[in-house]
1. Out of the residues in segment 233-256 that are out of contact with any Ser or Thr (no Cβ under 9 Å at 6 or more places or on another chain) and of a type in the set (D, E), state the one that is nearest to R274 (Cα to Cα).
2. Which of the following residues is farther than 22 Å from I170 by Cβ and within 16 Å of the ligand (Cβ to nearest atom): P28, P64, P72?
3. Looking only at segment 213-246, which residues are under 25 Å from the mean Cα position of the chain (by Cα), among the aromatic types (F, W, Y) and part of a helix (DSSP H, G or I)?
4. How many residues are more than 13 Å from the chain's Cα centre (by Cα) and not polar (S, T, N, Q) when one looks only at segment 128-155?
5. Mind checking which residues of segment 139-153 are surrounded by fewer than 21 Cβ atoms within 10 Å (Cβ to Cβ) and part of a helix (DSSP H, G or I)?
6. Pick from segment 154-176 the residues that are outside any helix (DSSP H, G or I) and of a type in the set (A, V, I, L, M, F, W, C): which of them is nearest to the ligand (Cβ to nearest atom)?
7. Within the set of pairs 6+ apart or on separate chains, which have a first residue in segment 33-44 that is farther than 9 Å from E85 by Cβ and touching a residue at least 12 places away in the same chain (Cβ under 8 Å), a second that is near the ligand (Cβ under 9 Å from one of its atoms) and in a helix (DSSP H, G or I), and C-beta atoms under 7 Å apart?
8. Quick one: S185 ticks every box in (1) among the small types (G, A, S); (2) surrounded by fewer than 15 Cβ atoms within 10 Å (Cβ to Cβ); (3) modelled with pLDDT of 95 or more except a single one, so which number is it?
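The values are calculated or read from the model by the stated rules, or taken from the named source; none is laboratory data. This one's a predicted model, so the numbers in the text were calculated from it and none came from an experiment. Methodologically, a virtual Cβ is constructed for each residue, glycine included, from the backbone with ideal geometry; neighbour enumeration extends over all protein chains shown.
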Amino acid sequence: MKILRRISETQKLTSSLKAKKKIIGFVPTMGYLHEGHLSLIREAKKKADIVIVSIFVNPLQFGPKEDLSRYPRDFKRDEKLCRGEGVDYIFYPSAEEMYPEGYSTYVDVKGVSSGLEGDIRPGHFIGVATIVLKLFNIAQADFSVFGQKDAQQAAVIKKMASDLNVNTRIIISPTVRENDGLAMSSRNVYLDDAQRADAPYLYKSLQYAKRKIELEKYNRDIAFLRAQMYKLIKSRKTATKIDYISFNDNETLEEIKSLKNGKKTAVLVSLAVRFGNVRLIDNIVIKR
Ligand code: AMP
């Protein structure tokens, strides 16, 4: 496994791999790897000759009051985990390498970037789309793997790839959870014991919505379901603020106000909840 820190050497490498008809699979991450990331790497290993993982905590996608400086980092550990999974290359650039002085180009994916995370974290998806497009141009992969855990991010990247004719296939991989249902996240290390004990209620509430919707053949009133989910999460003392609980069309991310409209598209139920300073997101997709 080789560590690449420069864009030019990485692009030279990926161009030569392409010339040799190697299938490149790419997994972009911000590091501090966990089983969720590793599942994306394993997915890539299944289909690729060469797997490239990027590790870059992208300053552009953090708001001024967010956790950029305290975002967890441990490159040595990440390196070991990647080696264990048979990763071929880690692209590990500095912020200066990615955004040199005078950098001035940004990607704004309208529509799917609005609502949900987009409303709470202004500019976040401009940061995500910009770095991901840059990484796509560097990795030149045949396919790239992202997690369902970040559902809106997945929708934004799929839309960008389609609108801008990006030459990499986008694969979305299922959310990996702890045994008690908590979605794995690098941010889970911020949780204290009491918060950690309450955090699985996010998934519990999502499962509750799924069960109700399926049991009652989609006749459930969304306002009622949302209120029940609020109650369940608010019953946990350390869940200090619910940013949103939302029901959306899984493709367009348009808000769904009623399930009784006869439409047959999948429903994305997603939420963001703060446990003190720690903000967690999760979602579930209900197929119709
Ligand atoms: P991050 O390092 O948080 O930017 O995540 C890098 C990639 O891993 C993104 O595509 C995430 O959606 C994905 N990911 C993060 N957590 C999980 C998880 N629990 N299960 C599956 N994929 C995940």
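1. Result: D243.
2. Numbers: P28 fails: farther than 22 Å from I170 by Cβ; P64 fails: within 16 Å of the ligand (Cβ to nearest atom).
One residue alone meets the criteria, P72.
3. Y230
4. Of segment 128-155, the ones more than 13 Å from the chain's Cα centre (by Cα) are 130-131, 133-143.
Those still in the list that are not polar (S, T, N, Q) too: 131, 133-136, 138-139, 141-143.
Of the residues in segment 128-155, 10 are more than 13 Å from the chain's Cα centre (by Cα) and not polar (S, T, N, Q).
5. Within segment 139-153, none qualify.
6. Pass one, segment 154-176, residues outside any helix (DSSP H, G or I): 164-176.
Right, trim to of a type in the set (A, V, I, L, M, F, W, C) and you get 164, 166, 170-172, 176.
Working: L164: 19, V166: 16, I170: 10, I171: 10, I172: 8, V176: 4 Å.
The selected residue is V176.
7. From residues that are farther than 9 Å from E85 by Cβ and touching a residue at least 12 places away in the same chain (Cβ under 8 Å), the pairs are H34/S186.
8. Just one mismatch for S185, condition (2).
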